[in-house]
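These notes concern the structure reproduced below.
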Amino acid sequence: MQLLEKTDLPKPEEKITLYNVTWEQYDTLVSVFMDQFPGLRMTFLEGTLEIMGTSSEHERLKTIIARLLEMYAVEKRIALNGYGSTTFRKEAKQRGLEPDECYCLGELREVPDIAIEIAITSGGIDKLSVYQGLGITEVWFWQNNRFVLYHLRQEEYEKIDYSEFLPDLDLVLLSQFVNYDNQTEAVIAYRDAL
C-alpha cells in the first residue's frame, strides 16, 4: 500500500499530516523522499507523520542564522561542528525529524547538542516532544524575528534566556543581522559588531 505519491508532496510551508503510520512506513518514506527533496521536512511522533515543504524564506532564514552562528564560533574560537538538516531517528522512542540546522560543541556525536528550528507556520506535531525523545539538549526556535530557547532537564524542556552551551552569545545582537538583504554583508557586519 502506497502512503504517499510524489505528486502529494506539500507546497512550501504547507503541512500534510498522516495518522497511524508505522515505523517501517516512516522509514521507507524517509529513504525514498529525503535525498530527492532536500527542502522536505518529516516529523514523526508515535504514529503521526507531518510532512512540510520549506519555502525559500525558510531556507534563507536557516542559512543566514547558520552563517552568523558559525562566524561567532570562528571569532570566539569555539569548536562548533554541524550536521545541517540531517534526519535523526530513534525507533525505540518512535520519533524522528530533520532540524533546520544543528550543531555539536566539540566533536560530532550521535545527536547534536543544539538544534535550530525556523518556525514560520504554527501548529502541528509538538517538536519539543520529538526532540525530547531524541535526547537533543538545546532547541532554538526562530519565530517572530527572535529566538526562543529550551534546555532539556530530567526529561523535560525548560525555557531559557540564553544558550547554556554558548552562554556569552548575545542572541539579541545576532538577531539584528538575520534580516539583512545581503548575507555576506550581514556576516561581515556581525563580525565587526563582535
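Values in this text are rule-based calculations from the coordinates and carry no lab data. What you see is a predicted model; the values in this text were computed from it and never measured. Every residue, glycine as well, gets a Cβ built from its backbone with ideal geometry; the counts of neighbours run over all protein chains shown.
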Selection from the stretch 109-151 of residues among the aromatic types (Phe, Trp, Tyr) and within 11 Å of the chain's Cα centre (by Cα) yields Tyr131, Trp140, Phe141, Trp142
What helices (runs of 4 or more DSSP H) completely inside the stretch 113-194 contain at least 2 residues that are under 27 Å from Leu45 (Cβ atoms), of a type in the set (A, V, I, L, M, F, W, C) and touching a Leu at 6+ places or on another chain (Cβ under 8 Å)?
127-134
Filter result (among the aromatic types (Phe, Trp, Tyr) and closer than 21 Å to Tyr190 by Cα) within the stretch 140-170
Trp140, Phe141, Trp142, Phe147, Tyr162, Phe165
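Table: residues versus (1) of a type in the set (Val, Ile, Thr); (2) surrounded by 11 or more Cβ atoms within 10 Å (Cβ to Cβ); (3) at positive phi; (4) in contact with a helix residue (DSSP H, G or I) (Cβ under 6 Å, 6 or more places away or on another chain).
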| residue | (1), (2), (3), (4) |
| --- | --- |
| Tyr157 | no, yes, no, yes |
| Asp161 | no, no, no, no |
| Glu164 | no, yes, no, no |
| Val172 | yes, no, no, no |
| Gln176 | no, yes, no, no |
| Asn182 | no, no, no, no |
| Glu185 | no, yes, no, no |
| Arg191 | no, yes, no, yes |
| Leu194 | no, yes, no, yes |
Can you find a residue in the stretch 175-194 that is out of contact with any strand residue (DSSP E or B) (no Cβ under 9 Å at 6 or more places or on another chain) and within 19 Å of Pro99 (Cβ to Cβ)?
no
